[in-house]
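Student: After the structure tokens below, expect a handful of questions from me.
The values are calculated or read from the model by the stated rules, or taken from the named source; none is laboratory data. From a predicted model like this one, the values you see are computed outputs, not experimental measurements. Positions of Cβ are generated from backbone atoms using ideal geometry, with glycine treated the same way; all protein chains shown enter the neighbour counts.
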Amino acid sequence: MKKSELLELAGPYYEEDQILELESAIDLATAAHKGQKRQSGEPYIIHPLAVAATLIDWGMDIDSVLAGVLHDTIEDTDTKLCDLEKLFGKDVAFLVDGVTKVSQARSGMHDLTEYLPQTKDNLSKLLIAVGQDVRVIIIKLADRLHNLSTLQYLPVDRQKKIARESLEIFGPLADRLGMGRVRMEIEDIAFRYLDPAEYKRLQNLMRRRLGKSTRKLGIVRQEVETELKKNGIQGEINGRIKSIYSLHRKLVKVGGNIDDIYDLMALRIIVETKEDCYRVLGLLHTLYQPMIARIKDYISVPKPNGYQSLHTTVLTHAEQIVEFQIRTYDMHEYAERGLAASFHYHEQKASKDYVKRRPGASSLPAELQWITQLQEIAGRLQSGEDIPDTQLSIDLFGNRIFVYSPKGDIYNLPEGALPLDFAYLVHSDIGKHAYSFRVNGSIHAFDKPLANGDVVEVITRKMSSPKPSWLDNVTTTHARTKLRAQLRQLGLLEKISHATSIIAQKAKREKS
């Protein structure tokens, strides 16, 4: 990527004064990185220009693109943050500073699956940077993608370290942001370096399987296109091939039997409206025999990262099992680019306001509530609180679920969350006075996990108060912290600590 190519790429999407700003940023970065080389031997400036090109492709606002060009200048050159602020404004400087903090946090983590004490300060920097402005992590994802594409120039041990980190941290972050295409790219490249033999085996297995089914799938596609035209539904149909890493994960779940995987290749139908999605679903079920257990409505109940689509698997006339995904054009754009799809080129101010609301704002959409929770955890780490490694793993990188209040408010929780986690997320007083729970209209035990889509009602009593045993019935840092504070206020936590101390001392005496 050269300066002229980047400016040409940006030309159709930004205003003239913004293009001039971009040119200035390129000139500054080129001068700052002069003489620096990549491991490939190429001039270093190629990397930030490639990052900026990716951000343009994702439809990011001009400040993000400028920060992409400048993202390594503070860390790797003599450029000062105050200089960037004078030249390009506070927002660009803030983003560059945030990306720098993420880079420093990342380089300080020895093994991101084990949250060692010496990594926690770095982890808090990562969480604060992500929590303050989502664009920071989007820029970092673009940076990571380009670094992965040039991994072949690094020693094998560095390749594996970066690949593992990408798979365990950046893949899940992309997924949280709804950036499905980016997640798959990161996962597939990383997996190729972590287990090259298995990657090659699955690639060959996939190739053989698809070769057999592609022609039959073409016939199904023609049949569906004919049916859509007959019913006056405008749309397009294209194929989706399962990624190698997704296949690997699915095979682990089904015991390695590829015959149990029905979505190696799926047909995706993209239409104009939500109503058309349901009409298409009805047509498919009229045309073919549906596999009832495999119908999923992610439009009515989106995935926790905001993904929306209808999924159905059918048995065709040729007895071929085919999965269909049905969505609108807007849903498809979000499925591909996630939160980045919210940053339209000519609606920058609205987009900035949307993502830069500071954590704690009740107006954050449910799929972004995890950002609020991340910064809350970061604050506790900064204040010296010792959060267990397993707890961090649950809060930061576990799968997420959506649950609903009886009024229809949506709450984002980690998978495996218990009713008290929900109660304390709604309000600490509701958690404090929780007496029992109804989930989907039925009484629900304190120790029974919630599921995605559950409607949770907390039944409170004024006389009900927290009990030490509740500590076994919370899984989130937020709920545990609120509960411990309430137990301490009631004088119950000290008793627990004292009893634990006596037991520990007794065990020590017996050992000696």
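Student: Do you know which residues across the range 407-420 are modelled with pLDDT under 95 and touching a Ser or Thr at 6+ places or on another chain (Cβ under 8 Å)?
Tutor: Applying the first criterion (modelled with pLDDT under 95) to the range 407-420 yields 407-417.
Passing the criteria: 411, 413, 414, 416, 417.
Student: Could you list, in sequence order, all residues of the range 425-445 that are charged (D, E, K, R) and either part of a strand (DSSP E or B) or under 15 Å from residue 411 (Cα atoms) (or both)? Break it down stepwise before answering.
Tutor: The first filter runs over the range 425-445 and keeps only residues charged (D, E, K, R), leaving 429, 432, 438.
Matches in the range 425-445: 438 only.
Student: Would you confirm whether any residue within the range 149-167 is in contact with a Gly (Cβ under 6 Å, 6 or more places away or on another chain), modelled with pLDDT under 95 and not in a helix (DSSP H, G or I)? Explain how you work it out, then say what you get.
Tutor: Taking the range 149-167 as the starting set, the residues that turn out to be in contact with a Gly (Cβ under 6 Å, 6 or more places away or on another chain) are none.
No, that holds for no residue.
Student: Sticking with this structure for a sec: Of everything in the range 252-296, what is more than 22 Å from residue 235 (Cα to Cα) and assigned to a strand (DSSP E or B)? Give them in sequence order.
Tutor: If we filter the range 252-296 for residues that are more than 22 Å from residue 235 (Cα to Cα), which is where we start, we get 252-262, 264, 289, 291-294.
Correct list: 289 only.
Student: So residue 247 fits all but one of (1) modelled with pLDDT of 95 or more; (2) buried (at least 16 other Cβ atoms within 10 Å of the Cβ); (3) assigned to a helix (DSSP H, G or I); what number is the exception?
Tutor: If we test residue 247 against (1) modelled with pLDDT of 95 or more; (2) buried (at least 16 other Cβ atoms within 10 Å of the Cβ); (3) assigned to a helix (DSSP H, G or I), just (1) comes out false.
Student: Working only within the range 8-21, note down all residues that are farther than 23 Å from residue 150 by Cβ and touching a Leu at 6+ places or on another chain (Cβ under 8 Å).
Tutor: 14, 19, 21, listed by residue number.
Student: Got a number for residues in the range 183-222 being assigned by TED's automatic domain parsing to the domain that holds residue 316, touching a Ser or Thr at 6+ places or on another chain (Cβ under 8 Å) and at pLDDT 90 or above?
Tutor: Matching residues across the range 183-222 total 1.
Student: Filter the range 169-197 for residues that are charged (D, E, K, R) and touching a helix residue (DSSP H, G or I) at 6+ places or on another chain (Cβ under 7 Å) and give the result. So that I can check it myself, show each step before the final result.
Tutor: As a first pass, look at the range 169-197 and keep what is charged (D, E, K, R): 175-176, 181, 183, 185, 187-188, 192, 195.
Across the range 169-197, the qualifying residues are 175, 176, 181, 183, 185, 187, 188, 192.
Student: A further question on this structure: Go through the range 194-214 and give me each residue that's surrounded by 13 or more Cβ atoms within 10 Å (Cβ to Cβ) and either charged (D, E, K, R) or in contact with a Cys (Cβ under 6 Å, 6 or more places away or on another chain) (or both). Quick ask: steps written out before the conclusion?
Tutor: The first filter runs over the range 194-214 and keeps only residues surrounded by 13 or more Cβ atoms within 10 Å (Cβ to Cβ), leaving 194-195, 198-199, 201-203, 205-206, 209-210, 213.
Scanning the range 194-214 gives 195, 198, 201, 209.
Student: Let me ask something additional. Specify the residue that is surrounded by the fewest Cβ atoms within 10 Å (Cβ to Cβ); the eligible residues are those in the range 57-81 that are of a type in the set (Ser, Thr, Tyr) and in a helix (DSSP H, G or I). Step through it out loud before you land on a result.
Tutor: Keep residues of the range 57-81 that are of a type in the set (Ser, Thr, Tyr), which gives 64, 73, 77, 79.
Within this subset, residues satisfying the condition of being in a helix (DSSP H, G or I) are 64, 73.
Values: 64: 28, 73: 23.
Going through the qualifying residues, I end up with 73.
Student: Give the residue, chosen from 482, 462, 407, 448, that is part of a loop (DSSP other than H, G, I, E, B) and either surrounded by 14 or more Cβ atoms within 10 Å (Cβ to Cβ) or touching a His at 6+ places or on another chain (Cβ under 7 Å) (or both). Spell out the reasoning first.
Tutor: On the way: 482 fails: part of a loop (DSSP other than H, G, I, E, B); 407 fails: either surrounded by 14 or more Cβ atoms within 10 Å (Cβ to Cβ) or touching a His at 6+ places or on another chain (Cβ under 7 Å) (or both); 448 fails: either surrounded by 14 or more Cβ atoms within 10 Å (Cβ to Cβ) or touching a His at 6+ places or on another chain (Cβ under 7 Å) (or both).
Within the list 482, 462, 407, 448, the selection yields 462.
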